[in-house]
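Worksheet for the structure shown next.
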Amino acid sequence: MQQFSLPEFTPAQVTKINKRVEQHGDETVHAKDVFWKISVPNSQLDDWFGPDVRHSFYELPTSATIEGVPEKTTVLRTDRLEPPFKLVFEGLGYHFTVDRGRGDEKSCIDLWGVDVNKMRVTPLASGWCDITFRTQMSGLEGKLLGLIDELDGHAVKIMAEPSAMRDEADGDGDGDAAGDGDGDGDTDGDAQTETQPEAGDIFAAQHGEQAATHADQAGAPVAAKKAKGHSFKARAAAALKKAAASKPAAGQTARPH
């Protein structure tokens with residue numbers, strides 16, 4: 001399926017955060033708009049939007065191509081158009097995982113029910129392109145409000161999972177991989193609350209902190225979620241583990257390769 005997604009942790013820059021409120025009936029809730037910038041190979045556009053988008057920016061290569069391998073495109077069709085260019089895209093109900101890289105169990109933030117829009121692309125002659133987009137979240141509470149504000153202007157790593165992929169993972173079409181029927185992927189009903197324990201679980205698992213300790217804090221529903229499993233979170237745990245393994249041990253200095 002051609003759809004914007006970031007299945008692996010991808011470096012990203014938080015360029016701007018807007019704070020606002022929304023009126024949900026008689027209730028006023030907190031909401032935030034977060035603006036992001038990422039850089040990806042231009043072939044990534046094929047996976048997200050199909051090859052026509054990339055080919056509209058770049059000249060096709062004159063040399064023979066290998067079947068199944070995207071041709072390399074590095075020559076821009078024209079330099080008389082000024083980027084960034086608007087992409088017709090709007091995604092609803094995404095799950096974002098943000099790794100702040102602080103080296104503790106609270107390094108990651110889980111964000112559910114995220115809408116993605118205002119996507120722009122700047123094609124580069126290097127064969128890469130810069131992508132900017134906006135994420136919108138509402139109903140935010142507690143410490144999560146402050147955690148998001150702290151991202152402003154910082155470089156982080158993000159993963160993004162569209163709801164369609166969660167539908168395929170849980171097989172019932174409700175976008176709810178946790179199977180609790182509320183569509184937020186969260187078994188204990190506290191998605192977008194103060195501590196977002198799912199992200200802490202990812203980091204704690206790869207550092208050897210066992211589920212018994214967490215179960216005392218979060219209760220049996222979290223353990224049930226772990227038992228059922230979630231492929232997206234497994235990839236997040238693997239990515240964090242790989243990053244931790246690449247750090248030099250205490251007393252050692254990293255050597256350039």
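The values are calculated or read from the model by the stated rules, or taken from the named source; none is laboratory data. Since the model is a prediction, treat every value here as computed from it, not as a measurement. Here the Cβ positions follow ideal geometry from the backbone for every residue, glycine too, while neighbour counts run over all protein chains shown.
Couple of notes before you dig in:
- Of all residues in the range 46-71, those satisfying the criterion of being of a type in the set (A, V, I, L, M) and more than 14 Å from Val121 (Cα to Cα) are Leu60, Ala64, Ile66, Val69.
- Just one of the listed residues (Ile131, Ile66) is under 20 Å from Thr10 (Cβ atoms) and aliphatic (A, V, I, L, M), namely Ile131.
- Filter result (aliphatic (A, V, I, L, M) and modelled with pLDDT under 95) within the range 149-173: Ala164, Met165, Ala169
- Among all residues of the range 133-146, there is at least one that is closer than 28 Å to His55 by Cα, within 16 Å of the chain's Cα centre (by Cα) and not hydroxyl-bearing (Ser, Thr, Tyr).
- Yes/no for Arg54 being outside any strand (DSSP E or B) and not hydroxyl-bearing (Ser, Thr, Tyr): yes
- Restricting Arg80, Arg54 to those that are surrounded by 17 or more Cβ atoms within 10 Å (Cβ to Cβ), modelled with pLDDT under 95 and not hydrophobic (A, V, I, L, M, F, W, C) reduces the list to Arg54.
- The range 7-50 - residue that is closer than 28 Å to Gly142 by Cα, polar (S, T, N, Q) and within 16 Å of the chain's Cα centre (by Cα) and, of those, surrounded by the fewest Cβ atoms within 10 Å (Cβ to Cβ): Thr15
- Checked against the criteria, Asp52 counts as acidic (Asp, Glu), without any contact (Cβ under 8 Å) to a residue 24 or more places away in the chain and under 24 Å from Ala164 (Cβ atoms).
- Counting only residues that are in a strand (DSSP E or B) and touching a Cys at 6+ places or on another chain (Cβ under 8 Å), the range 58-112 holds 3 of them.
- Looking across the range 1-34, the residues that are within 30 Å of Lys72 (Cβ to Cβ) and not aliphatic (A, V, I, L, M) come down to Gln2, Gln3, Phe4, Ser5, Pro7, Glu8, Phe9, Thr10, Pro11, Gln13, Thr15.
- Here Thr78 fits the description: over 20 Å from Leu151 (Cα atoms) and either hydroxyl-bearing (Ser, Thr, Tyr) or in contact with an Asp or Glu (Cβ under 8 Å, 6 or more places away or on another chain) (or both).
- Residues within the range 119-132 that are over 19 Å from the mean Cα position of the chain (by Cα) and either closer than 13 Å to Lys86 by Cα or among the hydroxyl-bearing types (Ser, Thr, Tyr) (or both), tallied: 3
- Among the residues making up the range 74-115, those that are touching a residue at least 60 places away in the same chain (Cβ under 8 Å) and β-branched (Val, Ile, Thr) are Thr97, Val98, Ile109.
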